[in-house]
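**Student:** The following block contains the structure, expressed as structure tokens.
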2 protein chains.
Amino acid sequence: MIGGKTMKVIEMNEMEVAQTPHQVDVRKLISYKDATIVHITLEPRESLKMHVTPVDVCFYVLEGDGIVEIGKEKETVHKDELVFSPAKVPHRLSNESENTFRFLVIKTPTPTEETKIL
Amino acid sequence: MIGGKTMKVIEMNEMEVAQTPHQVDVRKLISYKDATIVHITLEPRESLKMHVTPVDVCFYVLEGDGIVEIGKEKETVHKDELVFSPAKVPHRLSNESENTFRFLVIKTPTPTEETKIL
């Protein structure tokens, strides 16, 4: 219960852009023991850096098309596709299209170690 | 690793509609120990039944506007809003608008008990 209320509504657009080594629009929406959910926007030609997350991650594409690289595999993903990326395998997302690419990052559980940029 | 591949891509539109007591378009996208992620579409005047989930749940609005009820609280939610609904508090979502309402349900961890319809 937060501030006497049970329901907690988080507006993505009102959340602060986090300072990360990726230098793109990363917004943490919520974090509790069992999950951390982050919203990322990649504009055309923007990219995350290859990195390793210590827990399993799902990406859900909200808008546009992007490239997902996990280990040595690479695929183009589209709106309303979910990608499962297992813990500890290096991954990166990038936008090689002409339009905005937005996705949710669902980390389960919330990592106790840092994400490692490669 | 699934079928020799590390990456797993799930297309929401290709997933089967589950048979549930809610009798609306519910599609399970993925389920593993730490999370179950489900996609739900509510057309105008459709609604879930009030129910209790044994674990914490986040709802992320993908399209349209809907009503979320959690316990005695009720709010209208919009695209790109995330709602946190704590374990064991009855909740329901409904669509009183004239347009499609779609959202993700992120249950963490995957419940070992059944959801209870009230």
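The values are calculated or read from the model by the stated rules, or taken from the named source; none is laboratory data. In this text, all values refer to a predicted model and were calculated from it rather than measured experimentally. Please note: Cβ atoms are built from the backbone with ideal geometry, for glycine as well, and neighbour counts cover all protein chains shown.
**Student:** For region A:102-118, check the following and say yes or no: at least one residue is assigned to a loop (DSSP other than H, G, I, E, B) and farther than 22 Å from B:Tyr32 by Cα.
**Tutor:** Filtering region A:102-118 for residues assigned to a loop (DSSP other than H, G, I, E, B) gives A:109-115, A:118.
Then keep just the ones that are farther than 22 Å from B:Tyr32 by Cα; that gives A:114, A:118.
Yes - at least one qualifying residue is present in region A:102-118.
**Student:** So in region B:1-21, with the set limited to residues that are in a loop (DSSP other than H, G, I, E, B) and within 8 Å of chain A (Cβ to nearest Cβ), which one is modelled with the lowest pLDDT?
**Tutor:** So, considering only residues that are in a loop (DSSP other than H, G, I, E, B) and within 8 Å of chain A (Cβ to nearest Cβ), the one modelled with the lowest pLDDT is B:Met1.
**Student:** Could you grab me the full set of residues in region A:22-37 that are under 14 Å from A:Leu93 (Cα atoms) and either touching a strand residue (DSSP E or B) at 6+ places or on another chain (Cβ under 7 Å) or surrounded by fewer than 19 Cβ atoms within 10 Å (Cβ to Cβ) (or both)? Steps first, answer last, please.
**Tutor:** Looking only at region A:22-37, we keep the residues that are under 14 Å from A:Leu93 (Cα atoms), and these are A:22-26.
The answer is A:Gln23, A:Val24, A:Asp25, A:Val26.
**Student:** Among the candidates A:Pro90, A:Pro54, which residue alone is touching a strand residue (DSSP E or B) at 6+ places or on another chain (Cβ under 7 Å) and farther than 26 Å from A:Asn13 by Cα?
**Tutor:** Values: A:Pro54 fails: touching a strand residue (DSSP E or B) at 6+ places or on another chain (Cβ under 7 Å).
Going through A:Pro90, A:Pro54 in turn, the sole match is A:Pro90.
**Student:** I'm checking my understanding of the structure. Among residues of region B:99-109 that are surrounded by fewer than 22 Cβ atoms within 10 Å (Cβ to Cβ) and touching a strand residue (DSSP E or B) at 6+ places or on another chain (Cβ under 7 Å), which one is farthest from B:Lys49 (Cα to Cα)?
**Tutor:** Initial filter on region B:99-109 (surrounded by fewer than 22 Cβ atoms within 10 Å (Cβ to Cβ)): B:99-100, B:102, B:105, B:109.
Next, from what is left, pick out any that are touching a strand residue (DSSP E or B) at 6+ places or on another chain (Cβ under 7 Å): B:100, B:102, B:105, B:109.
Values: B:Thr100: 18, B:Arg102: 16, B:Val105: 15, B:Pro109: 22 Å.
Among those residues, the one meeting the criterion is B:Pro109.
**Student:** Additional query: Enumerate the pairs (first residue in region B:104-116 and farther than 19 Å from B:Met12 by Cα; second residue anywhere and of a type in the set (S, T, N, Q) and in a loop (DSSP other than H, G, I, E, B)) with beta-carbon separation below 6 Å, excluding pairs fewer than 6 apart on the same chain, so at least 6 apart or on different chains.
**Tutor:** Hits for this filter: B:Thr115/B:Thr53.
**Student:** Moving to a separate point now. Working only within region B:22-33, note down all residues that are in a loop (DSSP other than H, G, I, E, B) and within 13 Å of chain A (Cβ to nearest Cβ). Explain how you work it out, then say what you get.
**Tutor:** Here is the first cut: in region B:22-33, the ones in a loop (DSSP other than H, G, I, E, B) are B:22-24, B:33.
B:Lys33, the sole residue that qualifies.
**Student:** Any idea which of B:Pro86, B:Pro54, B:Pro111 is facing chain A (nearest Cβ under 9 Å), under 24 Å from A:Thr110 (Cβ atoms) and not acidic (Asp, Glu)?
**Tutor:** Values: B:Pro54 fails: facing chain A (nearest Cβ under 9 Å); B:Pro111 fails: facing chain A (nearest Cβ under 9 Å).
Checking each option against the conditions leaves just B:Pro86.
**Student:** OK, next. Assess whether B:Thr36 counts as being within 14 Å of chain A (Cβ to nearest Cβ) and either polar (S, T, N, Q) or within 13 Å of B:Val105 (Cβ to Cβ) (or both). First the steps, then the outcome.
**Tutor:** Working: within 14 Å of chain A (Cβ to nearest Cβ): yes; either polar (S, T, N, Q) or within 13 Å of B:Val105 (Cβ to Cβ) (or both): yes.
Criteria met by B:Thr36.
**Student:** Right, here's the next one. Return a yes/no flag: does region A:64-76 have any residue that is within 13 Å of chain B (Cβ to nearest Cβ), in contact (Cβ under 8 Å) with a residue 40 or more places away in the chain, of a type outside the set (Ser, Thr, Tyr) and in contact with a strand residue (DSSP E or B) (Cβ under 9 Å, 6 or more places away or on another chain).
**Tutor:** First, pick out the residues of region A:64-76 that are within 13 Å of chain B (Cβ to nearest Cβ): A:65-76.
With the extra rule that they be in contact (Cβ under 8 Å) with a residue 40 or more places away in the chain, the set shrinks to none.
The answer is no; no qualifying residue exists.
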